[in-house]
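The values are calculated or read from the model by the stated rules, or taken from the named source; none is laboratory data. Worth saying up front: this structure is predicted, and the values here are computed from it rather than measured. Positions of Cβ are generated from backbone atoms using ideal geometry, with glycine treated the same way; all protein chains shown enter the neighbour counts.
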């Protein structure tokens, strides 16, 4: 499912216009991104949780030239599925 299909599903499920559903989906994603950027965790009971982990700097190789290079440390967003979502999928 891509973004447009998600918007269509939300519009049909919530009896909204596609434009209103699009704004709702965009606002949801923006709120999740803002909270994660601020260092907050998001816990949606029955669905899952979003959190940020810190990836340490590491060394690697340039795939084109094969020469060693340093990979910078960075924050990595993670999602852990909740029991309700795991049960729905299985």
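The residues of region 41-57 that are more than 21 Å from residue 30 (Cβ to Cβ), surrounded by 10 or more Cβ atoms within 10 Å (Cβ to Cβ) and free of Cβ contacts under 8 Å to residues at least 24 places away in the same chain amount to a single one, 55. Close contacts from region 1-12, counting a first residue that is at pLDDT 95 or above and a second that is assigned to a loop (DSSP other than H, G, I, E, B) and surrounded by fewer than 13 Cβ atoms within 10 Å (Cβ to Cβ), with Cβ to Cβ under 9 Å and a gap of 6+ residues or different chains, come to 9/1; 11/17.
The combined condition, being assigned to a helix (DSSP H, G or I), closer than 19 Å to residue 81 by Cα, in contact with a strand residue (DSSP E or B) (Cβ under 6 Å, 6 or more places away or on another chain) and at pLDDT 95 or above, is fulfilled by residue 36.
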